[in-house]
1. Quick one: what pairs do we get from the stretch 33-47, first residue closer than 19 Å to residue 23 by Cβ, second exposed (fewer than 10 other Cβ atoms within 10 Å of the Cβ), C-beta under 6 Å, 6+ apart or different chains?
């Protein structure tokens with residue numbers, strides 16, 4: 001994925017939206033990630049904060 005910033009609002013960075021996390025360069029993405037989600041339990045799941 002060629003982007004400087006990835007903004008996800010109300011969804012989860014899970015297997016499906018991230019194509020098995022391959023689009024994000026896990027465990028340390030090259031892009032800046034901003035994840036807005038109402039459940040604080042999502043913080044740190046799949047990707048380090």
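1. Final answer for the pair search is 36/9.
A quick yes/no check of all residues on (1) surrounded by fewer than 15 Cβ atoms within 10 Å (Cβ to Cβ); (2) in contact with a helix residue (DSSP H, G or I) (Cβ under 6 Å, 6 or more places away or on another chain); (3) assigned to a loop (DSSP other than H, G, I, E, B); (4) at pLDDT 75 or above:
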| position | (1), (2), (3), (4) |
| --- | --- |
| 1 | yes, no, yes, no |
| 6 | no, no, no, yes |
| 27 | yes, no, yes, no |
| 41 | yes, no, no, yes |
| 45 | yes, no, yes, yes |
| 49 | yes, no, yes, no |
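The values are calculated or read from the model by the stated rules, or taken from the named source; none is laboratory data. No experiment lies behind these values; they were computed from the predicted model shown. Note that we place each Cβ from the backbone using ideal geometry, even for glycine, and neighbour counts take in every protein chain shown.
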